[in-house]
Amino acid sequence: MPDFTATIHVRPKGEVRDPQGEAVAGALRALGFEVADVRTGKEIVVRFSAADEAAAREAARTMGDQLLANPVIEDYTIELGAPASA
Amino acid sequence: MKVAILLYPGTWSERDFAHAFTLLDIEHEIVWHADADLHGFDAAIVPGGFSYGDHLRAGAIAKLSPATRELQRAAAEGMPILGSCNGFQILCEAGLLPGALVRNTHLEFRCDWVHMRVESDATPFTRGLGGELLRMPIAHGEGCWVADDETLARVESAGQVALRYVDERGAATLEANPNGSTANIAGLRNEAGNVLGLMPHPERCIEDLLGGTDGRRMLELLREPVSV
């Protein structure tokens, strides 16, 4: 089965406060940047095998739903890399 | 009454609970999460700590433990279940309680004493304590409870807010809230009332030596088995 790389970007939902982002915004302002807003998140890179691209996307979606993001507070997007050994 | 105290890798408060139940003369056993079988137990505790190092999110990896399915089964059958601190986070991640616990709004790990008012006595751990003020220690970095507006309205109207941070006079002020939690929520119960989660540590205030005994008032209620 070909290898895929799924990059899952997890970030707090728009209505959820992101105190880490607020702290970073304050620090960037202290550096002299006119920063309006900062949102922080996580990038999770998963390398795995799947039968084809559709199966890989499906697997990445399941990983996001069941573990990588908490739907109560977070949204996520998936970037699927081409198979490494196609 | 026999109480199961669940132990995950990274749990740190299981011995404090065991000590508390020893003092209270309540039979208990520390149970490894992967072997968790709650048959033969009358209540379960999900203690505080840093299960799986809090990696990804607090409680996120622990929710995949076989213990979660056992907790779900036992909860559906009405077993009294108490989650404190990381235990509260695990119960939310596992879907046994609504909402989620996120970073304290001030980003600090807060180790302190707080006051709470008992808002719901419809749990096995707050029976007869309605309206009482309790003083307990906290020690957490991710105790800010959040949910969408609809969930918040639902838990408020259903009386699921079991404990609220208040000041010494019982006012739910901004200053009394140690972590920015929505509506000063310190503890929540499920709809049936048998599952309670709270950020404070009742097991750490059960004798004068520890600076307070209000935790005893909750934990000693387990002496008398109840069906909710």
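The values are calculated or read from the model by the stated rules, or taken from the named source; none is laboratory data. Keep in mind that this is a model prediction, so the values were computed, not measured. Virtual Cβ from ideal backbone geometry, glycine too; neighbours counted across all protein chains shown. With ligands, DNA and RNA removed, areas are computed over all heavy atoms of the protein, side chains included. Shrake-Rupley method; radii C 1.70, N 1.55, O 1.52, S 1.80 Å.
Annotations
- Any hit, segment B:37-49, residues being in contact with a His (Cβ under 9 Å, 6 or more places away or on another chain), surrounded by 15 or more Cβ atoms within 10 Å (Cβ to Cβ) and modelled with pLDDT under 95: no
- Contact map, segment B:73-94: first residue more than 14 Å from B:Ile45 (Cα to Cα) and at pLDDT 95 or above, second residue in a helix (DSSP H, G or I) and of a type in the set (Ser, Thr, Tyr), Cβ cut-off under 6 Å, separation 6 or more or different chains; pairs are B:Ala94/B:Thr68.
- Of residues in segment B:183-223 being without any contact (Cβ under 8 Å) to a residue 40 or more places away in the chain and under 23 Å from B:Pro98 (Cα atoms), the one farthest from the chain's Cα centre (by Cα): B:Ala183
- Residue match in segment B:122-138 (condition: of a type in the set (Ser, Thr, Tyr) and touching a Lys or Arg at 6+ places or on another chain (Cβ under 6 Å)): yes
- The single condition among (1) within 13 Å of another protein chain (Cβ to nearest Cβ); (2) free of Cβ contacts under 8 Å to residues at least 12 places away in the same chain that A:Arg11 does not satisfy is (2).
- Inter-residue pairs, beta-carbon under 6 Å, first closer than 18 Å to B:Leu107 by Cα and in segment A:24-38, second of a type in the set (Gly, Ala, Ser) and surrounded by 13 or more Cβ atoms within 10 Å (Cβ to Cβ), 6+ apart: A:Val38/A:Gly21; A:Val38/A:Ala25
- Top-ranked residue of segment A:46-86 - restricted to ones that are within 14 Å of chain B (Cβ to nearest Cβ) and aliphatic (A, V, I, L, M), ranked as farthest from B:Gly99 (Cα to Cα): A:Val46
- Residue within segment B:213-227 that is small (Gly, Ala, Ser), open to solvent by 10 Å² or more (accessible area, probe 1.4 Å), in a loop (DSSP other than H, G, I, E, B) and at pLDDT 95 or above present: no
- Listed conditions (1) in contact with a Leu (Cβ under 7 Å, 6 or more places away or on another chain); (2) away from chain A (no Cβ under 14 Å); (3) open to solvent by less than 10 Å² (accessible area, probe 1.4 Å) are all met by B:Leu97, apart from (2).
- Condition check for A:Ala59: at pLDDT 95 or above, hydrophobic (A, V, I, L, M, F, W, C) and surrounded by 14 or more Cβ atoms within 10 Å (Cβ to Cβ): yes
- Taken over segment B:102-120, the criterion of being away from chain A (no Cβ under 14 Å) and surrounded by fewer than 18 Cβ atoms within 10 Å (Cβ to Cβ) is satisfied by B:Cys111, B:Asp112, B:Trp113.
- If you go through segment A:49-84 and keep only what is within 24 Å of B:Asp149 (Cα to Cα), among the small types (Gly, Ala, Ser) and assigned to a loop (DSSP other than H, G, I, E, B), you end up with just A:Ala69.
- Test: residue in segment B:151-163 that is out of contact with any helix residue (DSSP H, G or I) (no Cβ under 9 Å at 6 or more places or on another chain), over 20 Å from B:Arg127 (Cα atoms) and part of a loop (DSSP other than H, G, I, E, B): no
- Residue count, segment B:26-59 (criterion: within 15 Å of the chain's Cα centre (by Cα) and assigned to a loop (DSSP other than H, G, I, E, B)): 5
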